[in-house]
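Everything below concerns the one structure shown next.
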Amino acid sequence: MGEIIANETAKPSRFTVRDFVAAGSERLHMKVVVDVGLEHEVVEPMCNRPGLALTGFYGHFAWPRLQVMGMAERSYLESLSVGERRARVKALFDRQAYCLIFTCGFDLPEEVLDIARSAGAAVIATDLETRIFFHLATFVLETLLAPKAKLYATTVEVAGLGVMMEGAPGLGKSETALGLIKHGNALVADDLTCLRRDMAENVLYASASEVTRNYMEIRGIGIIHVPSIFGVTAVRGEKKLDLVITFRRIEDVSGEIDRVGEDRNMRTILGVEVPQVVIPVSAGRDLVNLVETAAQQQKLRASGHDAVRDLDARLCAHATARGN
């Protein structure tokens, strides 16, 4: 089994404003203007426009969210005197707001920045329109919120499916992945697989860590850079996990081997069930061929084709015909 090396839990992850900026700085065109509040935890991972709160109505003010100041908010602030502007912005921070995000690329009022510094709150600017920022920020926040885990396992895209191979060290996971790549498949992660749960679809996505992405360690050869040897099509950034293949020494599964394939094993990770196939490993077994076949078999099952069921029906029909 793949060893969980991070807390395997279905609970949402916790993250800070700094984490949000790091994850979305490029996609959301964000620039930190006041950095004193970056370590504040994002209490509720959503964006909010504090329009009514700026006018002095604080009922149902969603302070736990990231506060987005769009064109309407900016225009309203500009209509106020400097003293009123300072008072209205300070009131947001007095009610626990911890991050203001100004959209549309406006120059920011210096008095707003001063108040934020005094309150220990972050201020961020982006040149994106407000509606576009809201849309893209939702994806970034959902990714940060997703439950995550790391496993000692190797993941490859095989026949269009995300296939994660787990098992004890020395059973040939990386060598099998190398053979699969040479057959036209693609590496997702070698040795360490990062998993995140998509809460909306209740599925898992696999990827490599940033440090080891696109690299493999092959015993006797050393470290290789996969796209440099096999081309950029031989790697994938992230892949939905469709199948877990567990390598076990053949002496450890004696008497447990399902020769027919009738059993439907499932591997539960982060609260999500993923189909699992256990492959016994022994000298001379062609693991590359077995993994490719297991992936193709899983594709057929997902489309409704079941070889065991079909053969059983044929045998029953044949027995009935002979009996007549």
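Summary of values
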{"read-out": "For Pro64: the one exception among (1) closer than 15 Å to Phe134 by Cα; (2) at pLDDT 95 or above; (3) part of a loop (DSSP other than H, G, I, E, B)", "value": "(1)"}
{"read-out": "Residues of region 13-31 satisfying the condition of being part of a loop (DSSP other than H, G, I, E, B), open to solvent by less than 60 Å² (accessible area, probe 1.4 Å), closer than 14 Å to Ala125 by Cα and in contact (Cβ under 8 Å) with a residue 40 or more places away in the chain", "value": "Leu28"}
{"read-out": "Checking Ala91 against (1) assigned to a helix (DSSP H, G or I); (2) within 15 Å of Val68 (Cα to Cα); (3) at pLDDT 95 or above, the condition it does not meet", "value": "(2)"}
{"read-out": "Test result for Ile221, of a type outside the set (Gly, Ala, Ser) and surrounded by fewer than 12 Cβ atoms within 10 Å (Cβ to Cβ)", "value": "yes"}
{"read-out": "Test result for Leu287, in contact with a Phe, Trp or Tyr (Cβ under 9 Å, 6 or more places away or on another chain), modelled with pLDDT of 95 or more and open to solvent by less than 40 Å² (accessible area, probe 1.4 Å)", "value": "yes"}
{"read-out": "Near pairs, Cβ below 7 angstrom, 6+ apart or cross-chain, from region 273-290 (among the acidic types (Asp, Glu)) to any residue that is outside any helix (DSSP H, G or I) and open to solvent by 80 Å² or more (accessible area, probe 1.4 Å)", "value": "Glu273/Met266"}
{"read-out": "Residues being within 27 Å of Gly70 (Cα to Cα) and touching a Cys at 6+ places or on another chain (Cβ under 6 Å) - total across region 130-168", "value": "2"}
{"read-out": "Residue count, region 61-120 (criterion: in contact (Cβ under 8 Å) with a residue 40 or more places away in the chain, open to solvent by 10 Å² or more (accessible area, probe 1.4 Å) and either farther than 26 Å from Ser25 by Cβ or not hydrophobic (A, V, I, L, M, F, W, C) (or both))", "value": "3"}
{"read-out": "Residue among Leu171, Leu204, Leu241, Leu161 that alone is under 19 Å from Asn289 (Cβ atoms) and within 18 Å of the chain's Cα centre (by Cα)", "value": "Leu161"}
{"read-out": "Unmet criterion (only one of (1) charged (D, E, K, R); (2) modelled with pLDDT of 95 or more; (3) under 21 Å from the mean Cα position of the chain (by Cα)) for Arg14", "value": "(2)"}
{"read-out": "Positions within region 215-246 being in contact with a Phe, Trp or Tyr (Cβ under 9 Å, 6 or more places away or on another chain) and not in a strand (DSSP E or B), in sequence order", "value": "Val226"}
{"read-out": "Odd one out for Thr138, checked against (1) surrounded by fewer than 17 Cβ atoms within 10 Å (Cβ to Cβ); (2) part of a loop (DSSP other than H, G, I, E, B)", "value": "(2)"}
{"read-out": "Failed item in (1) touching a strand residue (DSSP E or B) at 6+ places or on another chain (Cβ under 7 Å); (2) open to solvent by 30 Å² or more (accessible area, probe 1.4 Å); (3) more than 24 Å from Leu92 (Cα to Cα), with Leu145 passing the rest", "value": "(1)"}
{"read-out": "Subset of region 32-60 that is within 24 Å of the chain's Cα centre (by Cα) and open to solvent by 80 Å² or more (accessible area, probe 1.4 Å) - its residue that is farthest from Glu142 (Cα to Cα)", "value": "Glu39"}
{"read-out": "Verdict on Arg213 being charged (D, E, K, R) and either on the phi > 0 side of the Ramachandran plot or at pLDDT 95 or above (or both)", "value": "yes"}
{"read-out": "Residues of region 98-129 that turn out to be in a loop (DSSP other than H, G, I, E, B), out of contact with any Gly (no Cβ under 7 Å at 6 or more places or on another chain) and either under 10 Å from Val68 (Cα atoms) or charged (D, E, K, R) (or both), as a count", "value": "2"}
{"read-out": "Those residues of region 121-130 which are open to solvent by 20 Å² or more (accessible area, probe 1.4 Å) and under 14 Å from Val32 (Cα atoms), in sequence order", "value": "Ala125, Asp127"}
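The values are calculated or read from the model by the stated rules, or taken from the named source; none is laboratory data. Note that the structure is predicted; figures quoted are calculated from it, not measured. Here the Cβ is made from the backbone with ideal geometry for all residues, glycine too, and neighbour counts use every protein chain on show. Areas reflect the complete protein model, heavy atoms only, side chains present, ligands, DNA and RNA absent. Shrake-Rupley method; radii C 1.70, N 1.55, O 1.52, S 1.80 Å.
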